[in-house]
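Visitor: Just dropping this structure here.
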Amino acid sequence: MMRAWILPMLLVLCGSVVATAQVLEGNLGAGAVLQLVFVLLAGVYSPLIFPRSIGALEAQRRSAVDGRPVVFWRSGCKYCLRLRIRLGRRARQLHWVDIWRDPAGAAAVRAANGGNETVPTVVVAGRPHVNPDPDWVREQLCSDGPDSPLRK
C-alpha cells in the first residue's frame, strides 16, 4: 500500500523545497503557486482519483454476475490515469483492482501479459485487453442491451 503513495509524497516534498526556495528569495506568490501545482500533481498521481479498489477475486466474481469489465491498474501509471479521466463518471461502473495492493490482481495481469505487469489491463468477458482505448471501454459498458443498468 505504501508503494502507491511514493510518487505523490515525492511530488509534495519537491514542491515544498522549490516553494521554500522561492519564498526565501522573496517571491511569496510564486512559491505559493508552485506549491499548489505540486500538490495538485500529487493528487492526480495518488490513488485518490480512482474509484475504490477491490480484490481481483471479488472483481472477477462481480464481473461474472453483472458483466461489467474489470480494470487492473496501479497508481502513478499515466495510461491508467488517462483511462480514468477519459471515462469520467462512468469509471465507477467498472471494477477496479490495484495490482500494488492485491497480489492476486498482479498475478492475473502477469498471466495475461506474458509475465509483465502491464496496466491498464481491462478484462471483458474473460478476455484481457492491454491499454485499450477509453472510447472502446466506454462502448463495452453500453453493449449490454437497452435495459441494462450500465446504460443509465
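Throughout, read-outs are computed from the coordinates displayed, never taken from laboratory work. On a predicted model such as this, the values are computed, not experimentally measured, just so you know. All Cβ positions, glycine included, derive from the backbone under ideal geometry; neighbour counts span all protein chains shown.
Visitor: Okay, helix-only estimate at 222 nm for the chain: each DSSP H run of n ≥ 4 adds -39500 (n - 2.57), divide by all residues, round to 500 deg cm²/dmol; what do you get?
Guide: Calculated at 222 nm, the ellipticity per residue is -15500 deg cm²/dmol.
Visitor: Right, next: For the pair Val65 and Leu41, what calculated FRET efficiency results from E = 1/(1 + (r/R0)^6), where r is the Cβ-Cβ distance and R0 = 35 Å, to the nearest 0.05?
Guide: On the way: r = 37 Å, r/R0 = 1.07.
For R0 = 35 Å, the calculated efficiency reads 0.40.
Visitor: Is any helix in the chain, taking whole DSSP H runs, at least 18 angstrom long along its axis by alpha carbon and on average at least 0.0 on the Kyte-Doolittle scale, and which ones?
Guide: Counting only whole DSSP H runs, the qualifying helices are 6-24, 28-44.
Visitor: Scattering from the C-alpha atoms of the chain alone, worked out with Debye: what is log10 I(q)/I(0) at q = 0.09, 0.11 1/Å?
Guide: -0.35, -0.49
Visitor: Report, for the chain, the % of DSSP beta bridges that are antiparallel, rounded to 5.
Guide: Taking every DSSP beta bridge within the chain, about 65 percent pair in antiparallel fashion.
Visitor: Another question about this same structure. State log₁₀ I(q)/I(0) for region 82-141 at q = 0.27 Å⁻¹ as given by the Debye formula over alpha-carbon point scatterers of equal weight, solvent excluded.
Guide: These q points yield log10 I(q)/I(0) values of -1.23.
Visitor: With a 4.7 Å Cβ cut-off, tell me which Cys residues in the chain come up empty for a partner.
Guide: Taking the Cβ cut-off of 4.7 Å, the unpaired cysteines of the chain are Cys14, Cys142.
Visitor: Next question. Could you order peptides 46-56, 26-36 by the average number of other Cβ atoms within 10 Å of their residues, highest first?
Guide: Details: 46-56: 17.3, 26-36: 14.1.
Top to bottom by mean Cβ count within 10 Å: 46-56, 26-36.
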